[in-house]
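The values are calculated or read from the model by the stated rules, or taken from the named source; none is laboratory data. This is a predicted model, so every value here is computed, not measured. Please note: Cβ atoms are built from the backbone with ideal geometry, for glycine as well, and neighbour counts cover all protein chains shown. Protein only, heavy atoms only, side chains kept; ligands, DNA and RNA dropped before computing areas. Shrake-Rupley method; radii C 1.70, N 1.55, O 1.52, S 1.80 Å.
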Amino acid sequence: MKFALRSLLVMFTLASSLQAQTVNTANKSFQIPKVDAEPTIDGQLSPGEWDDAVVIDDFYEVRPIEFAEAKMRTVYYLKYTEDALLVGVYAYDNPANITAQVLRHGVSLMNDDRVHILLDTFNNQRSGYQFQTNPNGVRYEGLYTGANGISYEWTAIWDAGAQIVADGWTAEMRIPFKSLTFSPDSDTWGVNFWREIPRDRSRIGWMSRNGQSNLPNSGTMSGLTGLNQGMGLDITPVLSSTYADNELTGARSEANPSLDMTYKLTPSLNLTLTLNTDFAATEVDSIQLDLGRFSTRLQEKRGFFLTDMDIFAFAPRGGMSGGSGGGGGGGAGSPDPFFSRNIGIVRGQAVDLIGGVKLSGRIGGFDVGTLLIRQDEAGTVDATNLFVGRLKRTVLTESELGVIYTNGDPSSNDETSTLGVDFTYRNTRIGNNRDLEIQLWAQQSDNPGVTSDNMAWNASFNLPSRNSWNMMGRVQEVQENFDPRLGFANRTGVRQYSLTGGNYWIFRGHPWIQQIQSSLALAKYENLDDGSRQSSSIDWTIINLSTISGDVLSLNASKDVELLRVGERVPLASLGVVIPADEYNNYDISLMLNTSGARSWDSRLRVSGGDYYTGTRLVVGPAFGWRLNKHLSFDLNYTFTQYDMPDVKAYTRVATITNEVAFSPSLSLVNIVQYENVSDSLGLNSRFRWNLGAGKDIWFVLSHNMSDTDENGEFTRVESSASFKFSYTLRY
């Protein structure tokens, strides 16, 4: 530990020679004109179509060198009608250098050239929307769940078009006001624009601080009056039909009509209703082998729960990390009072939701969210009412204070509830282009027969930086009987102390190195009953080197001390490995090499190994991606892990093959094959999607699951299914 602290001190000493730039920009603003006619959204900036728009062209380089002169010119054109915000973009470039590999709506554009617009419709610097498109006119959108956290699982109805031209590429967007929540009493929204160029990992932006173009670091757009949201009513009837043939239960078929409805009680307050909720054709979850001491959680992907999820997020994560499904908790692995993936799942099995209603939005400066779900009976668990209530508001300009209450247990008949209070302090203007975030929260669960040791609390800080030293720390306590039945808690009866520090070195003018990063993370978990150590860790990122083209080389070393007690969950138990209760020192060295995904092919390799409990562990994880063109791509991921223990050698193998065929942005076929040897399961999933327009979809899904229960190399069918789903949003 002393060596680790000395290393941390040396790191900050070295960082003093490369201070963050002190250049800052004043808040930018502009007036947007209201017009009568809308251009055709085809990606062509036709002569005369954008003459009446306001022109934004004062862009600079945000990354890697903030406030440097932009290498290429970018021009945004903005105007609006009473029905929609209209955006045109001219991204000047050499067409031969443009990357446009994605041709499927709703798919990440992280490796493509792309343009973004951020809309903070309440101008509160902590909630908003992001819309982006690439040179193929693919739509990709996200909902901010905090100042810097964003969920790209959220979807909206809007239009985009784009095309490559002789001196770059052009794009057009139409964002209906019916797709946004805002206050009609204000004519000013927060706004920001930026452009990503993957071949040199650069960002050209309009407003930023500390290399971030996010909600607190944006400008303003005023003049928005007379915005029409119509009746504010969206009705989405859904018809799905499924046929399944299971080896144990036989064949079954069912048709499930369902209905989703959203009504704007006011322009800033949504009422959302779901009846006979259908979650067919959602994406399959990636395989996660749950072999560690503590359980893992999956991400929320269901549309009903994603609506206004920023309001329900507890202790929303900003610069610390991304948002989670239905909660925040202030850090990865932290407990959440509300974790929506618990709903509709009983002991690992899907359960029907009879219906649900959600009221969410803004009232008089407050963010308000209420959620009521009726979950159907499942085995010995009766039909259950589940409730979540959330209230928060902005304080101290950029900060927020909130309270959350949950009631009900999806997996039992117990009367149970959880209460939480959270405060997040943010200051993006502390000087030297730095941010400061302080997060305080407390939670208490109320379960039958429990009267004490049922609380959790957290105090943490974060000082991020993109081109200098950075630091974050946390003290967190989760008492033994804390059990949020509608939430998530994977470690109880512990207090955590953690401190992380690091530095970024930006290489200005180097022919191939863009930046080098190094960091040191210290963590310790203490058992609350006797103060003994449950576990501790030292994680040292020795070097993380990024090239201008996007290739990354990383070398890491770690030491974990784990104290296993009798009766605790034991790692590798499902592999037949016996690990006695004792104290163990685990060491690991890992090397990772990732090539840029902006190329037509990319590869990833991770190799790590070292002492692991009573033996050793070796992990080899190669991956390869190949994009023949924007219509056809393949991706292979494979992870092999060998546990060499005194009495047994155990292996895990996880393989995923993904093939995407995009006939057009609206017509696609995705095939996924997943295999893992712990349960010897092999799954095939094919999803055909015809997107008739934003909010209008036809899905046809085929699944075939097999298992080699005898471990003789012969897979037998477990279940085969075929599903059809049709959804069509009617907007009034």
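Could you figure out which of (1) free of Cβ contacts under 8 Å to residues at least 40 places away in the same chain; (2) open to solvent by less than 10 Å² (accessible area, probe 1.4 Å); (3) touching a Leu at 6+ places or on another chain (Cβ under 6 Å) isn't true of G142?
The failed condition is (3).
Only one residue in F488, F482 is of a type in the set (F, W, Y), touching a strand residue (DSSP E or B) at 6+ places or on another chain (Cβ under 8 Å), open to solvent by less than 20 Å² (accessible area, probe 1.4 Å) and closer than 29 Å to D336 by Cβ. Which one?
F482
Determine which single condition V648 fails, assuming it passes every other condition in (1) among the β-branched types (V, I, T); (2) open to solvent by 30 Å² or more (accessible area, probe 1.4 Å); (3) touching a residue at least 60 places away in the same chain (Cβ under 8 Å); (4) closer than 20 Å to V607 by Cβ.
Tallying (1) among the β-branched types (V, I, T); (2) open to solvent by 30 Å² or more (accessible area, probe 1.4 Å); (3) touching a residue at least 60 places away in the same chain (Cβ under 8 Å); (4) closer than 20 Å to V607 by Cβ, V648 fails exactly one: (4).
Return the residues of region 67-90 that are open to solvent by 10 Å² or more (accessible area, probe 1.4 Å) and in contact (Cβ under 8 Å) with a residue 12 or more places away in the chain; say none if nothing qualifies. Talk me through it step by step, then tell me what you get.
Step one: list which residues in region 67-90 are open to solvent by 10 Å² or more (accessible area, probe 1.4 Å), which gives 67-73, 77, 82-83, 90.
Within region 67-90, F67, A70, K71, M72, R73, Y77, E82, D83, Y90 meet the criteria.
Can you tell me which condition N210 does not meet? The list is (1) touching a Phe, Trp or Tyr at 6+ places or on another chain (Cβ under 9 Å); (2) closer than 30 Å to W469 by Cβ, and all the others hold.
(1)
Consider Q44 against the criteria (1) open to solvent by 60 Å² or more (accessible area, probe 1.4 Å); (2) under 30 Å from M231 (Cβ atoms): it satisfies all of them except one. Which criterion is unmet?
All conditions are met except number (2).
Can you say whether V450 is on the phi < 0 side of the Ramachandran plot, of a type in the set (A, V, I, L, M) and open to solvent by less than 10 Å² (accessible area, probe 1.4 Å), as far as the supplied structure shows?
Here the answer is no, as V450 does not meet what is asked.
In a strand (DSSP E or B), more than 27 Å from T595 (Cβ to Cβ) and either in contact with a Phe, Trp or Tyr (Cβ under 7 Å, 6 or more places away or on another chain) or among the charged types (D, E, K, R) (or both): does that describe Q514? Step through it out loud before you land on a result.
Working: in a strand (DSSP E or B): yes; more than 27 Å from T595 (Cβ to Cβ): no; either in contact with a Phe, Trp or Tyr (Cβ under 7 Å, 6 or more places away or on another chain) or among the charged types (D, E, K, R) (or both): yes.
So Q514 fails the test.
Any residue that is under 23 Å from P39 (Cβ atoms), open to solvent by 10 Å² or more (accessible area, probe 1.4 Å), out of contact with any strand residue (DSSP E or B) (no Cβ under 6 Å at 6 or more places or on another chain) and among the β-branched types (V, I, T) - is there at least one of those in region 131-139?
no
Filter region 523-562 for residues that are under 27 Å from the mean Cα position of the chain (by Cα), within 30 Å of S452 (Cα to Cα) and not polar (S, T, N, Q) and give the result.
A523, K524, Y525
Conditions tested, residue by residue: (1) touching a residue at least 40 places away in the same chain (Cβ under 8 Å); (2) among the small types (G, A, S); (3) assigned to a loop (DSSP other than H, G, I, E, B).
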residue: F624; (1), (2), (3): no, no, no
residue: Y643; (1), (2), (3): yes, no, no
residue: F663; (1), (2), (3): no, no, no
residue: S668; (1), (2), (3): yes, yes, no
residue: Q674; (1), (2), (3): yes, no, no
residue: V678; (1), (2), (3): yes, no, yes
residue: F688; (1), (2), (3): no, no, no
residue: L692; (1), (2), (3): no, no, no
residue: N705; (1), (2), (3): no, no, no
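For region 427-445, which positions are within 26 Å of the chain's Cα centre (by Cα) and aliphatic (A, V, I, L, M)?
The answer is L436, I438, L440, A442.
Can you go through V678, V670 and tell me which one is among the β-branched types (V, I, T) and open to solvent by less than 30 Å² (accessible area, probe 1.4 Å)?
Details: V678 fails: open to solvent by less than 30 Å² (accessible area, probe 1.4 Å).
Result: V670 is the single residue among V678, V670 that is among the β-branched types (V, I, T) and open to solvent by less than 30 Å² (accessible area, probe 1.4 Å).
Name the single residue that is farthest from E61 (Cα to Cα) among those in region 470-511 being assigned to a loop (DSSP other than H, G, I, E, B) and among the polar types (S, T, N, Q).
Initially, region 470-511 is screened for residues assigned to a loop (DSSP other than H, G, I, E, B), giving 479-487, 489-493, 507-511.
Of the ones still in play, those that are also among the polar types (S, T, N, Q) are 479, 481, 490, 492.
On the way: Q479: 47, N481: 51, N490: 42, T492: 46 Å.
Checked region 470-511; the qualifying residue farthest from E61 (Cα to Cα) is N481.
Please go through region 427-468 and give me each residue that is among the hydroxyl-bearing types (S, T, Y) and assigned to a loop (DSSP other than H, G, I, E, B), ordered by number. Show your work before the answer.
At the first step, the residues of region 427-468 found to be among the hydroxyl-bearing types (S, T, Y) are 428, 445, 451-452, 460, 465, 468.
Correct list: T428, T451, S452, S465, S468.
Could you tell me which residue of region 230-247 is farthest from F177 (Cα to Cα), considering only residues that are part of a strand (DSSP E or B) and open to solvent by 50 Å² or more (accessible area, probe 1.4 Å)?
The initial filter retains those residues of region 230-247 that are part of a strand (DSSP E or B), namely 233-246.
Cutting the leftovers down to open to solvent by 50 Å² or more (accessible area, probe 1.4 Å) gives us 237, 239, 241, 243.
Details: P237: 22, L239: 27, S241: 33, Y243: 39 Å.
Filtering region 230-247 for residues that are part of a strand (DSSP E or B) and open to solvent by 50 Å² or more (accessible area, probe 1.4 Å), the one farthest from F177 (Cα to Cα) comes out as Y243.
Since L520 meets every condition but one in (1) modelled with pLDDT of 95 or more; (2) farther than 26 Å from S465 by Cα; (3) surrounded by 18 or more Cβ atoms within 10 Å (Cβ to Cβ), which condition does it not meet?
(2)
In the list S703, S664, which residue meets the criterion of being open to solvent by less than 60 Å² (accessible area, probe 1.4 Å), of a type outside the set (K, R) and out of contact with any strand residue (DSSP E or B) (no Cβ under 7 Å at 6 or more places or on another chain)?
After applying the criteria, what remains is S664.
Of all residues in region 357-372, which are over 24 Å from the mean Cα position of the chain (by Cα) and either surrounded by 20 or more Cβ atoms within 10 Å (Cβ to Cβ) or without any contact (Cβ under 8 Å) to a residue 12 or more places away in the chain (or both)?
Across region 357-372, the qualifying residue is only G364.
Under the condition of being modelled with pLDDT under 90 and among the polar types (S, T, N, Q), which residue from region 678-716 is nearest to A650 (Cα to Cα)?
Going through the qualifying residues, I end up with S679.
Just the residues that are within 17 Å of I438 (Cα to Cα) and either assigned to a loop (DSSP other than H, G, I, E, B) or open to solvent by less than 10 Å² (accessible area, probe 1.4 Å) (or both), please, taken from region 393-407.
L396, T397, E398, S399, E400, G402
Whether any residue in region 523-535 is in a strand (DSSP E or B), touching a Ser or Thr at 6+ places or on another chain (Cβ under 6 Å) and either among the charged types (D, E, K, R) or touching a residue at least 60 places away in the same chain (Cβ under 8 Å) (or both) is what I want to check.
Applying the first criterion (in a strand (DSSP E or B)) to region 523-535 yields 523-527, 533-535.
From what's left, touching a Ser or Thr at 6+ places or on another chain (Cβ under 6 Å): 523-525.
Among the residues that remain, those that are also either among the charged types (D, E, K, R) or touching a residue at least 60 places away in the same chain (Cβ under 8 Å) (or both) are: 524.
Within region 523-535 (the criterion being in a strand (DSSP E or B), touching a Ser or Thr at 6+ places or on another chain (Cβ under 6 Å) and either among the charged types (D, E, K, R) or touching a residue at least 60 places away in the same chain (Cβ under 8 Å) (or both)), the answer is yes, since at least one residue qualifies.
One residue is enough: does region 160-170 have a residue meeting the conditions open to solvent by less than 20 Å² (accessible area, probe 1.4 Å) and either of a type in the set (V, I, T) or under 18 Å from L215 (Cα atoms) (or both)?
Looking through region 160-170, at least one residue is open to solvent by less than 20 Å² (accessible area, probe 1.4 Å) and either of a type in the set (V, I, T) or under 18 Å from L215 (Cα atoms) (or both).
So, in region 578-618, exactly how many residues are assigned to a strand (DSSP E or B), charged (D, E, K, R) and over 22 Å from T641 (Cβ atoms)?
Narrowing region 578-618 to residues assigned to a strand (DSSP E or B): 583-594, 601-612, 615-618.
From what is left, the residues that are charged (D, E, K, R) are 583, 588, 602, 604, 606, 611, 617.
Among the residues that remain, those that are also over 22 Å from T641 (Cβ atoms) are: 583, 602.
The total comes to 2.
Give me a count of the residues in region 408-422 that are in contact (Cβ under 8 Å) with a residue 24 or more places away in the chain, open to solvent by 50 Å² or more (accessible area, probe 1.4 Å) and not polar (S, T, N, Q).
From region 408-422, those in contact (Cβ under 8 Å) with a residue 24 or more places away in the chain are 408-420, 422; that's our starting set.
Keeping just the survivors that are open to solvent by 50 Å² or more (accessible area, probe 1.4 Å) gives 413-415, 419.
Still in the list and also not polar (S, T, N, Q): 414-415, 419.
Number satisfying all stated conditions: 3.
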